[in-house]
Amino acid sequence: MNATHRSSPLSAAPGDLLLEIASHLDCRLDLVNLCLTSNRILTNVAPILYANVALNTVEQCVATLGMLLRRPDISRHVRKLIIRPRRPGMYGFNREDSRLVSRLVKQLASERDAKRPEPKLDALTTFAWEDEELPFYDDMWFALRMGCSQLRYVKTSLGVFLPHSNAHVFDFTNLRGFSLVLTRAFYDYHSEGFILNTVADHFLAHKLWDMLIRKCPDLEELEIDGSSPYPVDVHMLLGGQWPHLRKLSLGDVVLDWSLGLINNKRPFIEFLERHPTLESLRLSKHNVLSGHLAALDAPDMKLTSFSGTMAHLQALPAVHYSSIRAIAFTEPMHTRDITAVAVASVLQNLTSLTSLKIAFHLHSMYDSGNLLRSLVASCPRLEHLQLTCTQKPSFQLDSFAKAIKGFHKLRTLDLAIVRYPGDDTLSIGAERIAMTNPRLHSFTLTFLPLPYPLHLPFSFPLLLFTSHSTAHGSFHLTCDKHGLPRSLRARERRRFAWPWGLGYSTRTRQYVSDLRPAGFPGKQKSGLKGLRDLITENSSAGEEMRMFLFCGFLVWLALWGFVASRRGPPVTHSQLMISRHPPI
């Protein structure tokens, strides 16, 4: 019997229809599986699959960049390229890895195929280099500038090794967005910030600010990020005038501490008033004092996203509250008796708030309940919540899943907590959250390590060291046509750090959980696995099955005792000898 090969009708669909189908796939894994069905679908869907390419390890960089070099028909679709030349488990700068990856990027941006004379990255609009240092080959920037005519957004990092006088990193023109990340090594070795604060001190300062202020007059996004208790001075930024600036993100940098007042206002406040087109603003505690921010007078500024401390948000003029849709607190809040009331009093004034990122530093295991209830009461319209609770175990996942039912519009959730002793695992906790909140599309769970051993009453620790194990899970929920949970696709990653500097071990697994109740038509659960799931199920059927098993165990004990009593007491060896040889 000869089997005939029948192609799928989907592979014969028009290209524009395939693109429309691929654009509605939220999960990238589903998009990859769609492209693996046939070469024709891959050819038509490649503009969506390879539009954004993020390479997070050296192995990914070498493999993917090499593939893009060999396949110009695919590289021509790349619009955003993020390079992170790192090795798992290793921190710091690796010169050889930077040399290898930067050479591949340079070749990809400069080389041209004989059949196709256009550059291989002619559609690239965004490039990000995220490493501890600048790339080894500085002419990589020259190749990107000359070979990628549509490049408008550039991101790079600055560390110990500063570029030479003829460096190309600050030679770009007509950028729409620029991001400079100051690494911890930069703060450690260049704390005086001579490269950033004044034009006269260093040639790199002249090139940087000349590129941003004079060569990029239409800048829309600007980011100078970094984290350190000792900020560097970047007051030259205040001399910029960008009429279309929409996003400003500042890390631990100083702007106007050494400058005088302008019209009775701090220079940074005057700078913000000169840019009424700002929509997204991110500040750190070193940029501006909350009292100075209260003097902001920019009624035409319509902020939609704000990041800063609680004091910054409280000092922000109330005229901006109605337009803010996203809030991110840059520093964790220490829980006090009035913390829940203070947070709720501020957030309830943000009537358009749909996204919230907040972190708490717990001093007690009993602080989290009031905090969660205050968030539910003050932000009922949230669609995205990123919540972190550190230092102490907070709420149990079962109670948390029930508490967030008050967020009726919540679609995505990022939760990071210290696991409560004896609480559910990642998989069980994720199923509880999904079953209780079927409106969620996707969510993540992270178990943070305790900073020190937790001593509970009547507990006797067996280990003489603190376990720094972490667990992270990403979950995607699928519901049926009635809105009931159907399945949960999960990817878990666990990391355990061995004591005394012996390294760490990781374990990753992917699985799909069927959330339909036991006995549901089409749910394939049988044998011991089905019985185990029914016993552990958190439902009335599961409770009844556990009761049946317990009653059966009691009956078995009674029968065993009855049989043992009918046999009588055991006969000893001496009694046996006497019965065989009775005394005369």
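Laid out as a table, the results:
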{"item": "Flag for residue 282 being at pLDDT 90 or above, open to solvent by 60 Å² or more (accessible area, probe 1.4 Å) and of a type outside the set (Asp, Glu)", "result": "yes"}
{"item": "Residues of the range 451-487 satisfying the condition of being in contact with a His (Cβ under 8 Å, 6 or more places away or on another chain) and modelled with pLDDT of 55 or more", "result": "476, 477"}
{"item": "Per-region count, the range 476-492, residues surrounded by fewer than 19 Cβ atoms within 10 Å (Cβ to Cβ) and among the small types (Gly, Ala, Ser)", "result": "2"}
{"item": "Count of residues meeting criterion [modelled with pLDDT under 90 and buried (at least 17 other Cβ atoms within 10 Å of the Cβ)] in the range 298-314", "result": "1"}
{"item": "Qualifying position, being open to solvent by 10 Å² or more (accessible area, probe 1.4 Å), modelled with pLDDT of 90 or more, out of contact with any Asp or Glu (no Cβ under 9 Å at 6 or more places or on another chain) and not aromatic (Phe, Trp, Tyr), among 111, 132, 118", "result": "132"}
{"item": "Residue that is most open to solvent (accessible area, probe 1.4 Å) [pool: residues in the range 149-187 that are part of a strand (DSSP E or B) and of a type in the set (Phe, Trp, Tyr)]", "result": "153"}
{"item": "Residue 250 being at pLDDT 90 or above, hydrophobic (A, V, I, L, M, F, W, C) and farther than 20 Å from residue 187 by Cα", "result": "no"}
{"item": "Selection count where residues are open to solvent by 20 Å² or more (accessible area, probe 1.4 Å) and not charged (D, E, K, R), scope the range 396-437", "result": "14"}
{"item": "Qualifying positions in the range 119-146 - outside any helix (DSSP H, G or I), touching a Lys or Arg at 6+ places or on another chain (Cβ under 7 Å) and farther than 18 Å from residue 181 by Cα", "result": "119, 120, 122, 123, 124, 125, 137"}
{"item": "Filter result (hydroxyl-bearing (Ser, Thr, Tyr) and not in a helix (DSSP H, G or I)) within the range 376-420", "result": "388, 390, 394, 412, 420"}
{"item": "Selection from the range 370-395 of residues that are open to solvent by 30 Å² or more (accessible area, probe 1.4 Å) and small (Gly, Ala, Ser)", "result": "377"}
{"item": "Residue check, residue 317 out of contact with any strand residue (DSSP E or B) (no Cβ under 7 Å at 6 or more places or on another chain), over 25 Å from residue 253 (Cβ atoms), surrounded by fewer than 16 Cβ atoms within 10 Å (Cβ to Cβ) and not charged (D, E, K, R)", "result": "no"}
{"item": "Matching residues, the range 262-286, being under 17 Å from residue 310 (Cα atoms) and touching a helix residue (DSSP H, G or I) at 6+ places or on another chain (Cβ under 7 Å)", "result": "283"}
{"item": "Unique residue being in contact with a helix residue (DSSP H, G or I) (Cβ under 7 Å, 6 or more places away or on another chain) and of a type in the set (S, T, N, Q) when the list is 107, 150", "result": "107"}
{"item": "Positions within the range 327-355 being open to solvent by less than 60 Å² (accessible area, probe 1.4 Å), closer than 10 Å to residue 379 by Cα and over 24 Å from the mean Cα position of the chain (by Cα), in sequence order", "result": "344, 350"}
{"item": "Count of the range 494-531 residues which are of a type in the set (D, E, K, R), at pLDDT below 65 and open to solvent by less than 60 Å² (accessible area, probe 1.4 Å)", "result": "1"}
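The values are calculated or read from the model by the stated rules, or taken from the named source; none is laboratory data. Nothing here was measured: the structure is a model prediction, and the numbers come from that model. Positions of Cβ are generated from backbone atoms using ideal geometry, with glycine treated the same way; all protein chains shown enter the neighbour counts. What goes into the accessible areas is simple: the full protein's heavy atoms, side chains included, and nothing from ligands, DNA or RNA. Shrake-Rupley method; radii C 1.70, N 1.55, O 1.52, S 1.80 Å.
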